[in-house]
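What follows is a single structure, written as structure tokens, with notes after it.
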Amino acid sequence: MNNPGIVLTCLIALSACGQTAVPLPQSIPIQQVYAGVECGGSQVKPGIRLIRSSEQLGHLYKQLPLNAAVRSKLTKVDFNQSNLLKVNMGRQNTGGYWLKLASDHASINEDFLVIRVDWHTPPKGVMLTQALTSPCLFIKLPKAGFKGIRVLDQKDNDKLSARL
């Protein structure tokens, strides 16, 4: 005697076996180490740079006008366990621009580390200081198996991305 409920249950179970599960994005802890408006050096355009060693950090010091207090924060990173990511807005002609880490966790999506930042630009029509600024953000990341980095703003717009 055939029981339709058992047949249906077996068919559902068999159809589920043929499908592969889509992995959910992983959450990875990250930490803002420094944010400021004077750290662009010669970089005119927005960009990201992954710093994987103290030697690379030393080379960066030669390019950027970072003071001793900022350097002491950056040199505390243990490059055996972590990397530093520099997110740069590029050169701006006025004040009112800044970056801030929006979350203390990033996600991995399609082998890309996805980081959310508050990417602040001044509203149109407001009075601003007339000075060249280069806002940047240094983020400590654990060493992980991602193949690229995407930076999203507070509205989930792609701001920067790079393959590693």
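The values are calculated or read from the model by the stated rules, or taken from the named source; none is laboratory data. Because the structure is predicted, anything quoted here is derived from the model rather than measured. Positions of Cβ are generated from backbone atoms using ideal geometry, with glycine treated the same way; all protein chains shown enter the neighbour counts.
Structure data summary
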| read-out | value |
| --- | --- |
| Boolean, VAL44 is in a loop (DSSP other than H, G, I, E, B), touching a Lys or Arg at 6+ places or on another chain (Cβ under 7 Å), loosely packed, with under 13 Cβ neighbours inside 10 Å and among the hydrophobic types (A, V, I, L, M, F, W, C) | yes |
| Residue tally, condition in contact (Cβ under 8 Å) with a residue 24 or more places away in the chain, within 19 Å of the chain's Cα centre (by Cα) and under 27 Å from HIS105 (Cβ atoms), over segment 44-65 | 10 |
| Filter pass, LEU60 being modelled with pLDDT under 50 and part of a helix (DSSP H, G or I) | no |
| Any chance TYR61 is surrounded by fewer than 20 Cβ atoms within 10 Å (Cβ to Cβ), touching a Pro at 6+ places or on another chain (Cβ under 7 Å) and hydroxyl-bearing (Ser, Thr, Tyr) | no |
| Test: residue in segment 128-135 that is under 19 Å from the mean Cα position of the chain (by Cα), farther than 18 Å from ASP156 by Cα and not charged (D, E, K, R) | yes |
| Selected residue [within 24 Å of VAL70 (Cα to Cα) and at pLDDT 95 or above] from ASP158, ASP118 | ASP118 |
| Segment 28-41, residues that are in a loop (DSSP other than H, G, I, E, B) and within 27 Å of HIS105 (Cα to Cα) | ILE30, VAL37, CYS39, GLY40 |
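A quick yes/no check of all residues on (1) among the small types (Gly, Ala, Ser); (2) farther than 14 Å from CYS39 by Cα:
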{"residue": "ARG71", "(1), (2)": "no, no"}
{"residue": "VAL87", "(1), (2)": "no, no"}
{"residue": "GLY96", "(1), (2)": "yes, yes"}
{"residue": "SER103", "(1), (2)": "yes, yes"}
{"residue": "ASN109", "(1), (2)": "no, yes"}
{"residue": "THR121", "(1), (2)": "no, yes"}
{"residue": "THR129", "(1), (2)": "no, yes"}
